[in-house]
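Peer 1: Here's a structure for you.
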Amino acid sequence: VSFGFTDVTPDEKVSKVKGVFRSVASKYDLMNDLMSAGVHRVWKTFTMDRINPQPGEVFLDVAGGTGDLSLAFLKRADQKATRYGQHHLKTQAIVCDINDSMMASGRERKEVLQARGELDWVCGDAMALPFKDRSVDALAIAFGIRNVADMDQAFREFRRVLKPGGRYACLEFSHMTAGVLQSAYDAYSFNVIPKLGDLIAGDAPSYQYLVESIRRFPKQDEVLRRIEAAGFKRVDCTNFSGGIAALHFGWAV
Ligand code: SAM
């Protein structure tokens, strides 16, 4: 089954991706927990370990959706501020997403109302970020880069808005490194995920898109090379759950 993403132009991809996330927005957090049995939270925790939030920093959460990473950033910065007496420093997290429905769903979360620090929601495209050069201390994109029509343009944008010395983290579904579990993973992703999508969100095609887009996404080494080509330094890659997801991390100069 194909959701029709194979031969589309970048403009068509942008509008199809918008449709997918408009459709899944209200059930997005629940589906994430169900599909990954909650493991996406562990991957995001590791991502925040690498980002290492500091009080007083500006964090940009590109394709931030309902704001998971931004909330984690503010929470960790607040814990450090408490430990080191730094509450005079104002920490800011910005969720930037192309899709208003995803952000609207995020704004309703109770954790958002309880967040300490500044949390902003900005509608914008990863390929043309509405932020100044060298304006953010750390930038992350979780499960977003796969949906961006021109990934290399997005990497260049990430580098442009990061301050020299800024940290960059990219968490994305990837490719399993050990062949033994591949057939079980294939069976799960091609059969179970679209059925779950149908059952919970009433939308199998959007979840079929998710599975297809993971297959088409480049392997770990190629992503690393393309992040370096955008000018990031000391880029590394950590596989999670045997490569089901991978975290690329690098530094802006
Ligand atoms: N980062 C969140 C998380 O980890 O839960 C949300 C990830 S969700 C799978 C992907 C998000 O990417 C959607 O909210 C979608 O609207 C957004 N998106 C897709 N293309 C984008 C683009 N070109 N620029 C910014 N956001 C984009």
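The values are calculated or read from the model by the stated rules, or taken from the named source; none is laboratory data. Being a predicted model, the structure only gives us computed values, none of them experimental. Virtual Cβ from ideal backbone geometry, glycine too; neighbours counted across all protein chains shown.
So that you can scan it fast, the table gives a plain yes or no per residue for (1) at pLDDT 95 or above; (2) under 21 Å from Ala72 (Cβ atoms):
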residue	(1), (2)
Gln114	no, yes
Leu119	yes, yes
Lys132	yes, no
Asn191	no, no
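Table: residues versus (1) surrounded by 21 or more Cβ atoms within 10 Å (Cβ to Cβ); (2) within 16 Å of the ligand (Cβ to nearest atom); (3) in contact (Cβ under 8 Å) with a residue 40 or more places away in the chain; (4) not charged (D, E, K, R).
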position: Lys27; (1), (2), (3), (4): no, yes, yes, no
position: Asp33; (1), (2), (3), (4): no, yes, no, no
position: Pro55; (1), (2), (3), (4): yes, no, no, yes
position: Gly64; (1), (2), (3), (4): yes, yes, yes, yes
position: Asp68; (1), (2), (3), (4): yes, yes, yes, no
position: Leu74; (1), (2), (3), (4): yes, yes, yes, yes
position: Gly85; (1), (2), (3), (4): no, no, no, yes
position: Gly117; (1), (2), (3), (4): yes, no, yes, yes
position: Val122; (1), (2), (3), (4): no, yes, no, yes
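Peer 1: Follow-up question, since we're still on this one. How many residues does segment 143-191 hold that are touching a residue at least 40 places away in the same chain (Cβ under 8 Å), more than 30 Å from Thr9 (Cβ to Cβ), surrounded by 14 or more Cβ atoms within 10 Å (Cβ to Cβ) and not small (Gly, Ala, Ser)?
Peer 2: Narrowing segment 143-191 to residues touching a residue at least 40 places away in the same chain (Cβ under 8 Å): 143-152, 154-156, 158-159, 161-178, 181, 185.
If we keep only those that are more than 30 Å from Thr9 (Cβ to Cβ) too, we end up with 163-167, 176-178, 181, 185.
Next, from what is left, pick out any that are surrounded by 14 or more Cβ atoms within 10 Å (Cβ to Cβ): 163, 166-167, 176-177, 181, 185.
With the extra rule that they be not small (Gly, Ala, Ser), the set shrinks to 163, 167, 176-177, 181, 185.
Adding up the residues that qualify gives 6.
Peer 1: Of the conditions (1) within 23 Å of Ala252 (Cβ to Cβ); (2) part of a strand (DSSP E or B); (3) not small (Gly, Ala, Ser), Asp152 satisfies every one except a single condition; which number is it?
Peer 2: (2)
Okay, residues lined up against (1) more than 17 Å from the chain's Cα centre (by Cα); (2) farther than 20 Å from Asn32 by Cβ; (3) among the aromatic types (Phe, Trp, Tyr):
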| position | (1), (2), (3) |
| --- | --- |
| Cys170 | no, no, no |
| Phe173 | no, no, yes |
| Gly179 | yes, yes, no |
| Ser189 | yes, no, no |
| Phe217 | no, no, yes |
| Gly250 | no, yes, no |
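Peer 1: If you don't mind, another one. Please list, ordered by first then second residue, the pairs with beta carbon atoms under 6 Å, 6 or more apart or interchain, first in segment 201-229 and touching a residue at least 24 places away in the same chain (Cβ under 8 Å), second assigned to a helix (DSSP H, G or I) and polar (S, T, N, Q).
Peer 2: Listed by first residue and then by second, the contacts come to Asp203/Ser23; Ser206/Ser23.
Peer 1: Scan the helices (runs of 4 or more DSSP H) fully inside segment 172-253 and keep the ones with 3 or more residues being polar (S, T, N, Q).
Peer 2: Passing ranges, in order: 204-216.
Peer 1: Also, I was wondering about something else. Restricting attention to segment 126-156, which residues are of a type outside the set (A, V, I, L, M, F, W, C) and within 13 Å of the chain's Cα centre (by Cα)? Don't jump to the end; show me each part of the working.
Peer 2: At the first step, the residues of segment 126-156 found to be of a type outside the set (A, V, I, L, M, F, W, C) are 130, 132-135, 137, 144, 146-147, 150, 152-153, 156.
Matches in segment 126-156: Gly144, Arg146, Asn147.
Peer 1: Same structure, new question: Being of a type in the set (Asp, Glu), surrounded by fewer than 13 Cβ atoms within 10 Å (Cβ to Cβ) and either within 16 Å of Leu71 (Cβ to Cβ) or more than 12 Å from the ligand (Cβ to nearest atom) (or both) is the filter here, so list the residues in segment 6-25 that pass it.
Peer 2: Of the residues in segment 6-25, the ones of a type in the set (Asp, Glu) are 7, 11-12.
Imposing the further condition that a residue be surrounded by fewer than 13 Cβ atoms within 10 Å (Cβ to Cβ) reduces the set to 7, 11.
Asp7, the sole residue that qualifies.
Peer 1: So which residues in segment 130-162 are more than 25 Å from Trp43 (Cα to Cα) and either charged (D, E, K, R) or within 15 Å of the ligand (Cβ to nearest atom) (or both), if there are any at all? Full working, then the answer.
Peer 2: The initial filter retains those residues of segment 130-162 that are more than 25 Å from Trp43 (Cα to Cα), namely 130-135, 153, 160.
Across segment 130-162, the qualifying residues are Pro130, Phe131, Lys132, Asp133, Arg134, Gln153, Arg160.
Peer 1: Let me ask something else about it. Residues of segment 35-47 being within 12 Å of the ligand (Cβ to nearest atom) and either at pLDDT 95 or above or not charged (D, E, K, R) (or both), which ones? Show your work before the answer.
Peer 2: If we filter segment 35-47 for residues that are within 12 Å of the ligand (Cβ to nearest atom), which is where we start, we get 35-36, 40-41, 43-44, 47.
Within segment 35-47, Met35, Ser36, His40, Trp43, Lys44, Thr47 qualify.
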